[in-house]
Amino acid sequence: MTAFIIANMAPIMFATLVIFLLSGFPVAFSLAANGLFFGFLGIEFGLIKPELLQALPNRIFGIMSNDTLLAIPFFTFMGLILERSGMAEDLLDTIGQLFGPLRGGVAYAVIFVGALLAATTGVVAASVISMGLISLPVMLRYGYDKKVASGVIAASGTLAQIIPPSLVLIVMADQLGRSVGDMYQAAFVPGLLLTVMYAAYILIISIVKPQWVPALPPEARNLRQPNGDSGVLSLLALIVVSVGASFAFAKYYGTTHPEAAADEVGIYSAGIGIAGAFILALINRKLKIGLLSKMAEQVVFVLIPPLALIFLVLGTIFVGIATPTEGGGMGAFGAMVLAIMNRRLSWDLTRQAMNSTSRLSCFVVFILIGSTVFSLVFRGVNGDLWVEHLLTSLPGGNTGFLIVVNIMFFVLAFFLDFFELAFILVPLVGPVAEKMGIDLIWFGVLLGVNMQTSFMHPPFGFALFYLRSVAPKEVKTSHIYWGAVPFVIAQIVMVSLIISFPSIVSVDKKSNMKEEVQLNIQAPVDNGEVTNLPPGANNQEEEKQEETPPPKFTQ
């Protein structure tokens, strides 16, 4: 029995962790307790040296001093403030009026606003709860199918997990040792494509089952001109003028700054166009010249603040003016400014946001501490080599590896949330992907899209729980579950598209942020020979290596 345990320590350790997690024991304590138990067991059996566990204090200190993780409390605080700033209500009301004449117009508005909130908050709970409170009663009042209404709200809220500034991308970049800014840029196009797929589903429903997604009746559209006109033509004219100004500035800036990157030119030119539209609307309102319709004016004043916040956060990151942590700090400040402008900021609101942010940040750090205990011992018993051999021996090469890994993440997402998946599994499969020649930025975005389904899986999806907590009584839990299924299928299709067409994820600009630690510590053993200790046993020598896999160690 002892020989069997020694020969299969790594798989037994991993299986024990799964049993702990499925039993409902807290994840952080499951990881730490499992790691310490098998660490002591490995020492008793002579598999690892006692000095290995001496690396734990230094590893924990490294977690506490990790600058990348500072972005998590900043973006969480920003999302919680925006949730209560009134921005979501204004957006949903205005965009709902804009798309109201179309069949499925309110559903389109929910998807559009969900993508916009995702690009400003990065927090799923804030998006789902806000849209559930505001849009779900409206959709039910005007005859929307309960499954479609609840599904589109839950799915649109989960866009916050893939559209930057997503928290899961921050964690993914940290675990894979890559730049958060590069991960954000690579995830932007897949996030927009997923938004388009959601809208395409509503379009199909509006054609096949038009009674499920009716248009708003005329009496529900209050942003009309005195003569009854919708004012959409005025809005279209303003969009044409803004786009023209953006193209003109892009051409001028590209000529005067030939060394500027395409991202920089695009962000600056879009900022000029948006600012021009805002100034024009402001002049129209102050001077009452009647150049813009009520609809056009309302859309501008409701859309510009979140777009400005997006530029403040993502624009500065993409251009290179700010790091993700600095961008998160500016976003938190900008969210407070928006709350002040809407007269929603109070001490109670700030205290609630700070309490929730502290709880989430502690939750992340505790899981990360537990995972580093587990991973240290798991590597000490050659668990990384076991996982590498298990995954590289799969049939189909890289494609087979990607399919099996995504199926594993998809299945485990029924029971674990994205933080737990990122801290437990990503450190195990990331090094294997790198050795197989898979770009880790691309791999991280792929897993991010897959892990997004963890919020939509019946019966344990958190987005479904958030919506259930605010949904009216006439919306049954079965409606929410069945409504989520088509959007889970859309996310699976998106994963398949990324694997089939890797160019969807742009990885042109890559920065390796990982510090590989190479150890040459020699410890005497009983027979007078020397052997290398496992990684993490000491940290006296650190060498930064670029794009080089970590060295293998022999016991």
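Among the residues of region 217-224, is any crowded, with 17+ Cβ neighbours inside 10 Å, in contact (Cβ under 8 Å) with a residue 24 or more places away in the chain, under 23 Å from residue 290 (Cα atoms) and out of contact with any Pro (no Cβ under 6 Å at 6 or more places or on another chain)? Yes: region 217-224 contains one or more residues that are crowded, with 17+ Cβ neighbours inside 10 Å, in contact (Cβ under 8 Å) with a residue 24 or more places away in the chain, under 23 Å from residue 290 (Cα atoms) and out of contact with any Pro (no Cβ under 6 Å at 6 or more places or on another chain).
Inspection of region 62-79 finds no residue satisfying the criterion of being open to solvent by less than 20 Å² (accessible area, probe 1.4 Å), touching a Ser or Thr at 6+ places or on another chain (Cβ under 8 Å) and over 30 Å from residue 336 (Cα atoms).
Considering region 42-60 alone, what residues qualify as being open to solvent by 40 Å² or more (accessible area, probe 1.4 Å), closer than 14 Å to residue 376 by Cβ and not basic (Lys, Arg)? Correct list: 43, 47, 50, 51, 54, 57, 58, 60. When you look at residue 169, is it open to solvent by less than 40 Å² (accessible area, probe 1.4 Å) and over 29 Å from residue 328 (Cα atoms), yes or no? Judged against the criteria, residue 169 is not a match. Among residues of region 7-26 being part of a helix (DSSP H, G or I) and open to solvent by 60 Å² or more (accessible area, probe 1.4 Å), the one that is nearest to residue 44 (Cα to Cα) is 7. Checked against the criteria, residue 486 does not count as open to solvent by 10 Å² or more (accessible area, probe 1.4 Å) and over 22 Å from residue 191 (Cα atoms). Across region 453-478, which residue is farthest from the chain's Cα centre (by Cα) among those that are within 16 Å of residue 412 (Cα to Cα) and not in a loop (DSSP other than H, G, I, E, B)? Residue satisfying both the conditions and the ranking: 462.
Of 455, 378, all but one fail to be buried (at least 22 other Cβ atoms within 10 Å of the Cβ), touching a residue at least 24 places away in the same chain (Cβ under 8 Å) and under 28 Å from residue 159 (Cβ atoms); the exception is 455.
Of all residues in region 176-213 being among the aromatic types (Phe, Trp, Tyr) and over 18 Å from the mean Cα position of the chain (by Cα), which is surrounded by the fewest Cβ atoms within 10 Å (Cβ to Cβ)? Here the residue is 212.
Got at least one residue in region 311-321 being among the β-branched types (Val, Ile, Thr), surrounded by fewer than 19 Cβ atoms within 10 Å (Cβ to Cβ), outside any helix (DSSP H, G or I) and within 33 Å of the chain's Cα centre (by Cα)? The answer is yes; a qualifying residue exists. Annotation note: Cβ proximity below 6 Å between a residue of region 336-349 that is in a helix (DSSP H, G or I) and a residue that is among the hydroxyl-bearing types (Ser, Thr, Tyr) (sequence gap 6+ or interchain) occurs for 338/85; 339/85.
Screening residue 366 on (1) in contact with a Ser or Thr (Cβ under 7 Å, 6 or more places away or on another chain); (2) open to solvent by 40 Å² or more (accessible area, probe 1.4 Å) shows it passes everything except condition (1).
The values are calculated or read from the model by the stated rules, or taken from the named source; none is laboratory data. Keep in mind that what you see is a predicted model, and the values were worked out from it rather than measured. Note that we place each Cβ from the backbone using ideal geometry, even for glycine, and neighbour counts take in every protein chain shown. All accessible areas refer to the heavy atoms of the entire protein, side chains included, with ligands and DNA or RNA removed. Shrake-Rupley method; radii C 1.70, N 1.55, O 1.52, S 1.80 Å.
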